[in-house]
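The values are calculated or read from the model by the stated rules, or taken from the named source; none is laboratory data. As the structure is a prediction and not an experimental result, all values here were calculated from the model. No Cβ is skipped: glycine too gets one built from the backbone with ideal geometry, and neighbour counts run over all protein chains shown.
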Amino acid sequence: MTFYAFFGALEAGLLFGIVAIAVYLSFRVLDFPDLTVDGSFPLGAAVAALMIVSGFNPYFATLCGMLAAALAGAVTGLLTVWLGFLHLLSGILVMIALYSINLRIMGQPNIALIGERTIFTPVEALGLPSNLAVVLALAVIVAIVAAVVARFLLSQIGLSLRATGTNPRMAAANGVNVRRATIVGLALSNALAGLAGALFAQAQGAADVAMGIGTIVIGLAALILGESIFPGHRVVRAIVAVVIGAIVYRLAVALALNSDLLGLKSQDLNLITAVLVVVALLAPRLKGYARRLRPMGAPP
């Protein structure tokens, strides 16, 4: 793996680490299989890119991208808790609608940000190489996001979200507004996906209407890999695990694609993702199987 390929994988891993935290909130905390992420990720990128090329401050543009994605997540929640739609159906409907909305926002299939001021510009102005500056900035942002989400989930409101996902009936019996908790949780999850999309567009220098395809799969792969590497149910441990899972996933993909021995190409990305997810799912079973085969009294 080349130097540039390594930093590119690290950059993508940090970006999708935020997506992995978003997927963790919906799939693990709320127990809500939300597919809206595939639409809210490019929505955040579209809003931020359009505002940046229109002359707005990149930080404000990124915040607006987050808010737009949060609104999309809230709509998914409303379709489920108020209209009684199935979880998957609500996410699919909003995801499909967002493709047209993103095109309407951008006015074209993509928006280039080359030469525009982004949130990474001040770091690049320090004289660091561009790829290193982006990675350092993303590392700080991911650390802040992880700390804020962990603190939120340990708060009273966060506890109500966790209770809603674990046992909605028991949560309602203890005074938790399950409907509101679901909407808030989905809004927060998609806001993080929108943040990742806005950062991705600024790091890559362009926003594309199709950039969200497969985002939920990558988030799930990172989630499963992280949980296999660092099993545990504590909030802080789980959040750190999914971020590490995203980084490991992108490094594994880069290593596979840059290995001449395997002969894989960029079009094999989905195949690599599927294989990694299967390996991550089988790892705990194989570990338990090996433990059962170990002779009595043998050292671990």
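Would you check if there is a residue in the range 18-41 being of a type in the set (K, R), within 25 Å of I141 (Cβ to Cβ) and assigned to a helix (DSSP H, G or I)? Show your work before the answer.
Looking only at the range 18-41, we keep the residues that are of a type in the set (K, R), and these are 28.
In the following step, the residues that additionally are within 25 Å of I141 (Cβ to Cβ) were identified as 28.
With assigned to a helix (DSSP H, G or I) added as a condition, the list becomes 28.
Yes; the residues of the range 18-41 include at least one that is of a type in the set (K, R), within 25 Å of I141 (Cβ to Cβ) and assigned to a helix (DSSP H, G or I).
Please give the number of the condition R237 fails out of (1) in contact with a helix residue (DSSP H, G or I) (Cβ under 9 Å, 6 or more places away or on another chain); (2) part of a helix (DSSP H, G or I); (3) outside the structural domain of G73 (by TED's automatic domain parsing).
The number of the failed condition is (1).
Find all pairs meeting these conditions: Cβ atoms under 6 angstrom apart; at least six residues apart or on different chains; first residue within the range 132-157 and farther than 21 Å from A203 by Cβ; second residue modelled with pLDDT of 95 or more and of a type in the set (D, E).
Here the result reads none, with nothing in the range 132-157 linked to a residue that is modelled with pLDDT of 95 or more and of a type in the set (D, E).
So, A45, is that one in contact with a helix residue (DSSP H, G or I) (Cβ under 7 Å, 6 or more places away or on another chain), closer than 21 Å to V248 by Cα and hydrophobic (A, V, I, L, M, F, W, C) or not?
On the way: in contact with a helix residue (DSSP H, G or I) (Cβ under 7 Å, 6 or more places away or on another chain): yes; closer than 21 Å to V248 by Cα: no; hydrophobic (A, V, I, L, M, F, W, C): yes.
No; evaluated as a whole, the condition is false for this residue.
Go through the range 61-120 and report how many residues are more than 30 Å from L30 (Cα to Cα) and crowded, with 24+ Cβ neighbours inside 10 Å.
Total satisfying the criteria: 1.
Could you say whether any residue in the range 117-134 is at pLDDT below 95, among the acidic types (D, E) and part of a loop (DSSP other than H, G, I, E, B)?
Kept after step one, since they are at pLDDT below 95, are these residues of the range 117-134: 117-134.
Narrowing further to those that are among the acidic types (D, E): 124.
Now restrict to residues that are part of a loop (DSSP other than H, G, I, E, B): none.
No, there is no match, as no residue in the range 117-134 is at pLDDT below 95, among the acidic types (D, E) and part of a loop (DSSP other than H, G, I, E, B).
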